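The values are calculated or read from the model by the stated rules, or taken from the named source; none is laboratory data. On a predicted model such as this, the values are computed, not experimentally measured, just so you know. Counting neighbours? That spans all protein chains shown, and the Cβs are built from the backbone with ideal geometry, glycine included.
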Amino acid sequence: MTKKKKSPLGLIAVYAILTFWALTTIYPIIWVLQNSFKAKDKILSNSFALPVGDLFTTANFRKAFETTDILGAYKNSLFISFMVAVLVVLLAGMGAYALARYKFPGSNLLNSLVVGAMMFPAFATVISVYQLEFRWGIASTGSWFFNMLSVILPQVAGNMAFAMVVLTGYIKGLPIELEEAAYMEGCNAFQIYFKVVMPLTKPSFATVAIFSFLWSYNDLFTQSFFLRRPDMYSITMMLNNISAKEGTDYGMMAAVVALIIVPVIVVYCCLQKQIIKGMIAGAVKG
């Protein structure tokens, strides 16, 4: 059988559409980056010009570091996001393994509930979650650790459904003979999971960890409920605070936005192969 050759006009049209879509997505980021190096009084009149010559300045970044605790906000955001990613990988992995390999009364219902949980938005449960954590004594306290924990717990819960769906599909595609062989060698369920399943499921675990980290890093809604003190602000909370106070200082706002999005772009560029590989593998094997 001979393969049909794809029409060059069709390929040109596809690449043209993808290029246009990429430009509409990337250019706003470039626009913010170039305006972060301009004085605030020159942005409105020269917003599309390159920051060269008299337009170039680093005053916006100096002002951002002098007037705000950006490093402290980075510390809070990275701690929250890292803990969310670790807990989601551990808990969702074990839950997905149980759903994929064990049949027990109500397992099909539980699997349906996991999928259905993806339909509930965060704002539908945030008030009840806040009241529950306030009764536990971890929300709206003076403790840095408890305030971080009050944000981490709902974010972990919010990522669990997506993570379990991705991991369950991948684990179901693994050959069960490997697990049976490990069981015959005397391994228990936890040993099989950590020594056999997890090493074989690295692409999907990487995908879940990266998406959980980025979702937590960019989350403003949940953090605005639990992080009220300035010394406990995350990076998104700090941007929201600056937008309220410095609404007309577009240069400083652009500088802060640049400081926020650059780490995300770097993470994605470095790990994009793992993200794509994990999503494709989970979809095909599921």
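Would you confirm, using the coordinates I've provided, whether Val151 is assigned to a helix (DSSP H, G or I), under 18 Å from the mean Cα position of the chain (by Cα) and among the β-branched types (Val, Ile, Thr)? Yes, satisfied. Among the residues of the stretch 49-94, what is the count of those that are β-branched (Val, Ile, Thr), modelled with pLDDT of 90 or more and buried (at least 16 other Cβ atoms within 10 Å of the Cβ)? Total meeting the criteria: 4. Against the test of being surrounded by 19 or more Cβ atoms within 10 Å (Cβ to Cβ) and assigned to a helix (DSSP H, G or I), the options Ala181, Ala139, Ala163 yield a single qualifying residue, Ala163.
Those residues that are crowded, with 20+ Cβ neighbours inside 10 Å and not acidic (Asp, Glu), I need them from the stretch 204-224; list them, please.
Ser204, Phe205, Thr207, Val208, Ala209, Ser212, Phe213, Ser216, Tyr217, Thr222, Gln223, listed by residue number.
Whether any residue in the stretch 117-125 is polar (S, T, N, Q), in the same structural domain as Tyr102 (by TED's automatic domain parsing) and not in a helix (DSSP H, G or I) is what I want to check. Yes.
So is Phe20 surrounded by fewer than 16 Cβ atoms within 10 Å (Cβ to Cβ), outside the structural domain of Gln223 (by TED's automatic domain parsing) and farther than 21 Å from Lys245 by Cα or not? Yes: the conditions hold for Phe20. Counting only helices (runs of 4 or more DSSP H) that sit wholly inside the stretch 1-99, those with at least 1 residues that are within 23 Å of the chain's Cα centre (by Cα) and within 30 Å of Gly251 (Cα to Cα) are 8-35.
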